[in-house]
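Undergrad: Sharing a structure with you now.
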Amino acid sequence: MSNSPLPTSTPDTVLQVSTLLPALEGTLAEHFHTVRLPELPDPAAYLRDHGKDVVAAVTSARVGVSDALMDALPRLGAIVHFGVGYETTDVVRARARGVDVSNTPDVLTDCVADLAVGSLIDVMRRLSAADRYVRAGSWGTAPFPLASRMSGKRVGILGLGRIGRAVAQRLDGFGVQVAYCTRTPVPGVGYRYLPTAEALAEACDALVVTVAGGRGTEGLVSAAVLDALGPRGYLVNVARGSVVDEPALVTAVEEERIAGAALDVFADEPNVPRALLESDRVVLLPHIASATHETRAAMGDLALRNLRQFMAEGVLLTPVPEASPSTH
Ligand code: NAP
Ligand code: 8YV
């Protein structure tokens, strides 16, 4: 009998690229041979020695899979995103290499739209500022300044996709006149269409940004768009920080060239420009639009179902469209 060691077969590995929902991390560890990249002492050494074992990567919308990481995984077949945005992964490049990509659409739409409308009311009625005023003991000393009515106003929605449409439906209940801008008019909707972000801002009292992120929408809300919104106009951004020219926004807030802004996303999270931190006319949120127990559980479940189907049948359940929704 030979004493040579038995050949060891390496299990197909699932690479966890970013920190994820704890329940999802637990299920991945329980049901798959999962390696958590952020926790490895030497990720580069792991990728060099074991990159060929990885068949699927699970990542967040914010982190994605970089080109370098993709290149280190020659047998990679699927990239599963926890989140609907996927501009952090080059989908065209992935598909050219035979790697399919999924995201978690629809399950987060309601919560993101709820937060967009909630923060629109917050910034126009100055709810967060009023809360600070009461806590500071100012009630009874100086009157709290009057705010702006939201019901019945004209609200522009930049990007009438799943989330934009859900925002519009909610605003219908407030008697708001909704208009929108997309690259292609949406068939079958009764809202007024405007072909550019600037024309939309010009025609509205508030602009709600719900476009996809990525190169195609970078800086779409420019200084000119903010000027078109004007000193009585409000900006709400629940899409991506990259969509707004942040230095131009800072200037517009400082110079009171817009009335206020409610922001869930920033150019360089978690860093928020000091001028925004110091402004009482800006509502600041830490990228929480989908952050409810119910929605995060549904996102985790959909990400998991994508992974399971890929591992069992080699195909994803909710693959993303051919190109990034903002680059074609
Ligand atoms: P979606 O259904 O793909 O909608 C994207 C919309 O953007 C479409 O109406 C698209 O229309 C429009 N669009 C793309 N490029 C445009 C451009 N250059 N000008 C005008 N409109 C443009 O996506 P969704 O599910 O609604 O999600 C939208 C985005 O919200 C995600 O991509 C993500 O970045 C963000 N998000 C943020 C959070 C958060 O936590 N804050 C949570 C979830 C999602 P056309 O193709 O016709 O232009
Ligand atoms: C999450 C998001 O914060 O879905 C998206 O695109 O930005 C948010 O739902 C993100 O997925 C968590 O990484």
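Undergrad: Tally time: how many residues in segment 254-275 are touching a Lys or Arg at 6+ places or on another chain (Cβ under 8 Å) and closer than 17 Å to Ser119 by Cα?
TA: Adding up the residues that qualify gives 4.
Undergrad: I need the full set of residues from segment 91-125 which are free of Cβ contacts under 8 Å to residues at least 24 places away in the same chain and either within 13 Å of ligand 1 (Cβ to nearest atom) or surrounded by 21 or more Cβ atoms within 10 Å (Cβ to Cβ) (or both), in order please. Steps first, answer last, please.
TA: Restricting attention to segment 91-125, the residues satisfying the condition of being free of Cβ contacts under 8 Å to residues at least 24 places away in the same chain are 96, 98, 118.
The one that is free of Cβ contacts under 8 Å to residues at least 24 places away in the same chain and either within 13 Å of ligand 1 (Cβ to nearest atom) or surrounded by 21 or more Cβ atoms within 10 Å (Cβ to Cβ) (or both): Gly118.
Undergrad: Which number in (1) more than 24 Å from Ala267 (Cβ to Cβ); (2) in the same structural domain as Ala199 (by TED's automatic domain parsing); (3) assigned to a strand (DSSP E or B); (4) of a type in the set (A, V, I, L, M) marks the one condition that Ile157 misses?
TA: (1)
Undergrad: Oh, and also: In segment 32-87, how many residues are crowded, with 22+ Cβ neighbours inside 10 Å, among the β-branched types (Val, Ile, Thr) and either in contact with a Lys or Arg (Cβ under 7 Å, 6 or more places away or on another chain) or over 27 Å from Glu294 (Cβ atoms) (or both)?
TA: Total meeting the criteria: 2.
Undergrad: Could you list, in sequence order, the residues of segment 24-58 that are assigned to a loop (DSSP other than H, G, I, E, B) and in contact with a strand residue (DSSP E or B) (Cβ under 7 Å, 6 or more places away or on another chain)? Give the steps one after another, and end with the answer.
TA: Applying the first criterion (assigned to a loop (DSSP other than H, G, I, E, B)) to segment 24-58 yields 32, 40-42.
Matches in segment 24-58: Phe32 only.
Undergrad: Here's another thing I want to ask about it. Name the pairs whose Cβ atoms lie under 6 Å apart, with the first residue in segment 226-249 and at pLDDT 95 or above, the second hydroxyl-bearing (Ser, Thr, Tyr) and assigned to a helix (DSSP H, G or I), and 6 or more positions between them or separate chains?
TA: Listed by first residue and then by second, the contacts come to Val236/Ser119; Val243/Thr217.
Undergrad: Here are the criteria: (1) surrounded by fewer than 23 Cβ atoms within 10 Å (Cβ to Cβ); (2) among the small types (Gly, Ala, Ser); (3) closer than 16 Å to Tyr234 by Cβ. Tell me which single one Gly156 does not satisfy.
TA: It is condition (1) that Gly156 fails.
Undergrad: Looking only at residues that are β-branched (Val, Ile, Thr) and not in a loop (DSSP other than H, G, I, E, B) in segment 187-212, which one is farthest from ligand 1 (Cβ to nearest atom)?
TA: Filtering segment 187-212 for residues β-branched (Val, Ile, Thr) gives 189, 196, 208-211.
With not in a loop (DSSP other than H, G, I, E, B) added as a condition, the list becomes 208-209.
Numbers: Val208: 11, Val209: 9 Å.
Only one residue fits best here, namely Val208.
Undergrad: Kindly indicate which of Ala136, Ala199, Ala142 is surrounded by fewer than 21 Cβ atoms within 10 Å (Cβ to Cβ), touching a residue at least 12 places away in the same chain (Cβ under 8 Å) and more than 16 Å from ligand 2 (Cβ to nearest atom). Explain how you work it out, then say what you get.
TA: On the way: Ala136 fails: touching a residue at least 12 places away in the same chain (Cβ under 8 Å); Ala142 fails: touching a residue at least 12 places away in the same chain (Cβ under 8 Å).
The conditions single out Ala199.
The values are calculated or read from the model by the stated rules, or taken from the named source; none is laboratory data. In this text, all values refer to a predicted model and were calculated from it rather than measured experimentally. Counting neighbours? That spans all protein chains shown, and the Cβs are built from the backbone with ideal geometry, glycine included.
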